[in-house]
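I have placed the structure first, in the form of structure tokens, so that the comments after it can refer back to it.
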């Protein structure tokens, strides 16, 4: 493959990753923000909004890691998320390092919740508890709250997977070929 072909492919990958991340920056539904804020004694809707934004971004990165056609996609998506934070007009320049740390913390915690399959809880409940731990300064509320939070964040992951599929396509291999074998052949 020529230098120009590789350069063109890298540029296309970055462009698609930025486009994917733009879909992740959709504002949370107002009723979800109000509900999440109502669980905290302070009722801070701004905090609830940011937790939902961080959750959508983190779950978008995790969807890319899980569903991407190749390893370059999640790396490009993670880079695009970092770029998007630095250009987000809702984040003051002086607060950018804090926003990046907060996002990294949420990403790591959501990643752990996804990987913690042995816990016995379904994924939506693990993700819901994670959202509630970040959003509320009190103990995790009742099961109904965990269920609703889980529905919200599972919805984020499903929509991220759908956007990823739309932008990057679906892997198509013969049934008798494993992805690792196809990679080795190329």
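Here, each number is a calculation from the coordinates, and none is a lab measurement. Computed from a predicted model, the values in this text were never measured in an experiment. We place every Cβ from the backbone using ideal geometry, glycine too, and count neighbours over all the protein chains shown.
If we only count helices (runs of 4 or more DSSP H) wholly inside region 57-169, which ones have 1 or more residues that are out of contact with any helix residue (DSSP H, G or I) (no Cβ under 8 Å at 6 or more places or on another chain), surrounded by 15 or more Cβ atoms within 10 Å (Cβ to Cβ) and at negative phi?
The helices (runs of 4 or more DSSP H) meeting that bar are 72-86, 143-168.
Scan region 75-114 residue by residue and report those that are within 18 Å of residue 133 (Cα to Cα) and more than 14 Å from the chain's Cα centre (by Cα).
99, 101
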